[in-house]
Amino acid sequence: MRYFRTLFVLAFVAAATAVDAQSSSKKVLTQADYDIWRSIQGSALSDDGQWVLYTIQPLVGDGELVVRSTRTGAEFRHTRGYTGRPPRTQGEAGGPGEEGQSEGGGGSSAEFSADGRFVVFTVQPSKAEVEAAEKAGRNAQRPRNSMAIMSLADGKVTIVPTVRSFSLAPETGRHVSYMVFVDTAPAARG
């Protein structure tokens, strides 16, 4: 009986040592690991059910719009820009309460036209553009959002720069109205 107890204790110690060795070799997750995880946000289905759209975005980084046909599986992709910014606080550049800047976080809209032929969506500045503006300091022109119009016939995208917001005609899908940012920089004197 003593022999079995000793054997049991030795087996238990060996197993505990093996588990300990395995757990110490596992990589510890850091904030940098969480920042690159991607999630799907802002999904929508066209009125005719032929297309689905969604944004794939990391917690921090450049997001991507995906538009996929439900019939053929054809897929079009386009950047959404630096949609996954960490939330900013009041008073920070681009934070809540600052004229014309989004708070980050990918809440930008993407919509199908009523006739199902186009997708209109917001494209925020890229991570590189945002970081370059932050490096340049307070006096630098902040990058602005743009509006993109994607044709579902061929996936071609037309960009309209410095668009603050847009609205699509609800019934016909033939018209889009948009509001541009007002340039607040003083005019150059010659």
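Considering each residue of the stretch 145-162, count those that are farther than 30 Å from GLY73 by Cβ and open to solvent by 40 Å² or more (accessible area, probe 1.4 Å), and give that number. Steps first, please.
Of the residues in the stretch 145-162, the ones farther than 30 Å from GLY73 by Cβ are 145, 161-162.
Add one more test, that the residue is open to solvent by 40 Å² or more (accessible area, probe 1.4 Å), and what stays is 161-162.
Result for the stretch 145-162: 2.
Which of the following residues is over 25 Å from ILE36 (Cβ atoms), more than 20 Å from the chain's Cα centre (by Cα) and at pLDDT below 60: PRO96, PRO170, PRO186? Walk me through how you get there before you give the answer.
Numbers: PRO96 fails: more than 20 Å from the chain's Cα centre (by Cα); PRO170 fails: at pLDDT below 60.
That would be PRO186, the only listed residue that is over 25 Å from ILE36 (Cβ atoms), more than 20 Å from the chain's Cα centre (by Cα) and at pLDDT below 60.
For (1) at pLDDT 85 or above; (2) more than 17 Å from GLY42 (Cβ to Cβ), each residue gets a yes or a no:
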| residue | (1), (2) |
| --- | --- |
| THR122 | yes, no |
| GLY137 | no, yes |
| MET147 | yes, no |
| MET150 | yes, no |
| GLY155 | yes, yes |
| THR158 | yes, yes |
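Looking at the stretch 32-85, what strands (runs of 3 or more DSSP E) fall wholly within it and have at least 1 residues that are touching a Lys or Arg at 6+ places or on another chain (Cβ under 6 Å), open to solvent by 10 Å² or more (accessible area, probe 1.4 Å) and charged (D, E, K, R)?
63-69, 75-81
Is there any pair linking a residue in the stretch 16-40 that is more than 29 Å from VAL60 (Cα to Cα) to one that is modelled with pLDDT under 60 and open to solvent by 60 Å² or more (accessible area, probe 1.4 Å), with Cβ under 7 Å and at least six apart or on different chains, and which?
Pairs that qualify, where the first residue is more than 29 Å from VAL60 (Cα to Cα) and the partner is modelled with pLDDT under 60 and open to solvent by 60 Å² or more (accessible area, probe 1.4 Å): there are none.
Looking at ALA18, is it modelled with pLDDT under 85, farther than 27 Å from GLN141 by Cα and either within 13 Å of the chain's Cα centre (by Cα) or of a type outside the set (Ser, Thr, Tyr) (or both)?
The answer is yes for ALA18.
The values are calculated or read from the model by the stated rules, or taken from the named source; none is laboratory data. Please read all numbers here as calculations on a predicted model, not as lab measurements. We place every Cβ from the backbone using ideal geometry, glycine too, and count neighbours over all the protein chains shown. All accessible areas refer to the heavy atoms of the entire protein, side chains included, with ligands and DNA or RNA removed. Shrake-Rupley method; radii C 1.70, N 1.55, O 1.52, S 1.80 Å.
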